[in-house]
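Below is one structure, written out as structure tokens; comments come after it.
The values are calculated or read from the model by the stated rules, or taken from the named source; none is laboratory data. Because the structure is a prediction, the values reported are computed rather than measured. Cβ placement follows ideal geometry from the backbone for every residue including glycine, while neighbour counts extend to all protein chains displayed. Side chains included, ligands, DNA and RNA excluded: accessible areas come from the protein's heavy atoms. Shrake-Rupley method; radii C 1.70, N 1.55, O 1.52, S 1.80 Å.
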Amino acid sequence: MSFVKARDLLRLAQVAASRRRGICLEEICSEFGVSHRTAQRMTEALDATFSNVTAVDGEDRRRYWRLEAPPPARLQPRQETTLEALEIAARAAQDQGRLRHARALEDMRDGLLARLTPRDARRSEADAEAVLAGLGQVMRPGPTVALRPDVTDAVIEALRGPFRLRVIYGSVDAEPRVIEPHGLLLGHRSYLVARQPARGETILNFRMDRIHAAEVLDESFGFASGFALNDYAAQAFGVYQDSEQYGEVIWRFAPGAAARAAEFRFHPTQVLESQEDGSLIVRFQAAGWLEMAWHLYQWGDKVEVVAPDGLRALVDGHRRSDFDALP
């Protein structure tokens, strides 16, 4: 058996041991990038190598292979990539004020290190630190909003329930309001998506940096019928939601900018249409004309708004021809 196959077999054994129901052929194909026949050979090798393999047919009519106990700790693979991923995630959580998540990720990292031999732990830490030292963050102009960790913790706790929140919003002396959190949109500005019963069933966005205090109430509630955070977020180009602006958006990029524009994911619902003259049509459904205009300005005169009329009027007269580069 080659070293690559041995490594894949070890990884397959770990996956089969860590997942509650095991792993099926389709998942092996996806996880390892192999054909169906190769996946079958991998399960045969798994069964031949380990004595504690069980194969059970699931309710979905797929067969799942599982190890009833994890492989010996001495077969633990090198963990520097896992340590890097945990450290990057912990730093991101720290930057966003999600201190509870940051602590949990750091505990997971420390627990992983504790299971390694001192020699492997030192090597993994050194390798991970070398990679992390080489990763930088591209600074973008604009506000960097600091979130209050106590507010963020309260929001996360409320989402677990879900429980209602009593918040002080807008100004520090504002009257408390009770809201029902439905989700958290993280970005250069983060927004709490929530319903405020006193204002009806409408889903609203609350800027996290303007929530001065938040208290989790011992009051549960039901999410709005049919609500899905991803679908809700996709109704906007950025964050701003406006039902009156929502509709089809059509942009035409000039031939010289078409290849660059094709690399962008402007919106989850976008459809790209290459034209005979080399230009590119981009279509999607969303609201938020002002945020669209902010983005379109970067393209100068290399983009034309075909629809809607309101957005076209907003960018008219602001399409420059003297930009030295495309976004």
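Per-structure values
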item: FRET efficiency estimate (nearest 0.05) - Cβ-Cβ, T117 to I156, R0 41 angstrom; result: 0.70
item: Sequence of E68, E180 from largest to smallest accessible area, 1.4 Å probe; result: E68, E180
item: Whole-angstrom Cα spans of the range 2-58 along principal axes, big to small; result: 29, 22, 17
item: The range 137-281: radius of gyration and largest Cα-Cα distance (Dmax), Å; result: 19.1, 62
item: Cα long-axis angle, helix 36-49 against the chain (0 to 90 degrees, to the nearest 10); result: 40
item: In Hz, Karplus ³J(HN,Hα) per residue of the range 7-19 (6.51, -1.76, 1.60; θ = phi - 60°; x = Gly, Pro); result: 5, 5, 5, 4, 5, 4, 4, 5, 5, 5, 7, 8, 8
item: Distant-in-sequence amide H partners of V306 (H built 1.01 Å from N, under 5 Å); result: I250, W251, R252
item: Alpha carbon Rg of the range 261-327, scaled by the compact-globule rule 2.2 N^0.38 Å; result: 1.10
item: Accessible surface of the chain, 1.4 Å probe, proportion on carbon and sulfur as whole %; result: 50
item: Two-decimal log10 I(q)/I(0) for the chain, as the Debye equation yields it once each C-alpha is a single scatterer, q = 0.12, 0.15 Å⁻¹; result: -1.15, -1.20
item: 0 to 90° range, to nearest 10: angle between helix 80-95 axis and the chain longest Cα axis; result: 30
item: Distance from the range 186-202 to the range 99-120 (C-alpha centre basis), Å; result: 35
item: Spacing of the two label points (7 Å from each Cα toward its C-beta) at D95 and D301, in nm; result: 3.7
item: D57 paired with E44, simple spin-label distance in nm, labels 7 Å along Cα-to-beta-carbon; result: 2.1
item: Acute angle (nearest 10 degrees) that the helix 149-160 long axis makes with the longest principal axis of the chain, alpha-carbon atoms; result: 70
item: Accessible surface, per residue, of the chain when the full set of protein chains is kept, probe 1.4 Å, Å²; result: 60
item: Rough spin-label spacing in nm, given labels placed 7 Å along Cα→Cβ, for A325 and Y246; result: 3.8
